[in-house]
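The structure appears below as structure tokens.
Derivation of every value follows stated rules applied to the coordinates shown; laboratory data play no part. Note that the coordinates shown come from a computational prediction; the quantities given were computed from them, not determined experimentally. Note that each Cβ is placed from the backbone with ideal geometry, even for glycine, and that neighbours are counted across all protein chains shown.
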């Protein structure tokens, strides 16, 4: 995520800001511009980095989801590009779930912005009613909720927004990392497998070579994983123990880590902690592109881990990337690069 500044006074801002705390300007995030813009009155609207308040307003989920994204004004108050993807949310009377809903939407906006930067197709249910992307953000307080993906619908248990609950699960499952953002990135990995890889015989063959057969019995794999655990020596071939369960989970876990790495590099470059080439603005093209990304990532992640240790915290990126995992991640990079670089291929997958 890049560095943001107030167009009016230059104050540094966070991605989530809806108001400049220095000059008081009202702000909204523009996905097209990847910038925070001032929502200006008619007298102020001629300033650079401003949008006319008669034409734009903040998302209808400003208060409910604490959303700061801009939408065009109209007879009906609109949802932004991120909030519109949410198909189901908690009932208005469920105050506890709504607080966690806001946290989940905050994480979702960050990942949607990253997908936009990568130029990955984001096809909603309005465009593709049967297989378009949608999110069901549900609370498991009153019903059983299983986080997962099915035919474009990503379901997330909002209990994951509770720090204590999530940390208890992380420890119980012996995971080094568990976050809302990580859940979204993982489940979106499943979505992009069926959107980008599954329809392509070429990519499907490459997937089989690296990850295995995606059609293996999932329930049998799930039962085996939770009864027997990860196989001995898994660290040499997988990015996490969960990735060992099934080829589909291996892909989703590796895809999530690719997004972790790209976004963290982009943020580091914005603050001069990584080379300028780490940003999304300078695409890492061709066969050498992935090597360039990893050459920047390894020293950065090591440095960030040491910074965390200096503060008495666990490593920021508590993972090792062996050669086999890097080859899987290279494949993901190649699929994304080839599809998003080709108008014909992008159109074929709905981009």
Residues 317, 218 arranged by fewest to most Cβ contacts within 10 Å: 218, 317
Of 238, 56, 226, the one that fluctuates the most in a GNM where the chain has Cα springs shorter than 10 Å: 226
Two-site FRET efficiency, residue 95 against residue 167, from Cβ-Cβ distance with R₀ of 25 Å, rounded to 0.05: 0.65
Amide N proximity, region 159-177 versus residue 311 label position 7 Å along Cα-to-Cβ, cut-off under 19 Å: 163-164, 167, 176-177
Full-stretch length increase - residue 130, residue 14 - with 0.36 nm per residue and alpha-carbon distance subtracted: 38.2 nm
Using a Förster distance of 30 Å, the FRET efficiency for residue 1-residue 227 (Cβ separation, nearest 0.05): 0.15
Simple label model, 7 Å out from Cα along Cβ direction - residue 72 to residue 291, nm: 4.6
Relative contact order %, region 4-79, counting alpha carbon pairs below 8 Å whose residues are six or more apart: 23
Compactness index (Cα Rg / 2.2 N^0.38 Å), region 56-148: 1.11
Overall dimensions of region 199-351 by Cα: Rg and Dmax, Å: 17.1, 50
Long-range tail of P(r) for region 4-79 (Cα pairs > 15 Å, %): 50
Computed [θ] at 222 nm, helices only, for the chain once each DSSP H run of length n ≥ 4 contributes -39500 (n - 2.57): -13000 deg cm²/dmol
For the chain, alpha-carbon Rg and Dmax in angstrom: 20.7, 67
Residue 303 paired with residue 338, simple spin-label distance in nm, labels 7 Å along Cα-to-beta-carbon: 3.4
Span from the region 275-310 Cα centroid across to the region 76-100 one, whole angstrom: 35
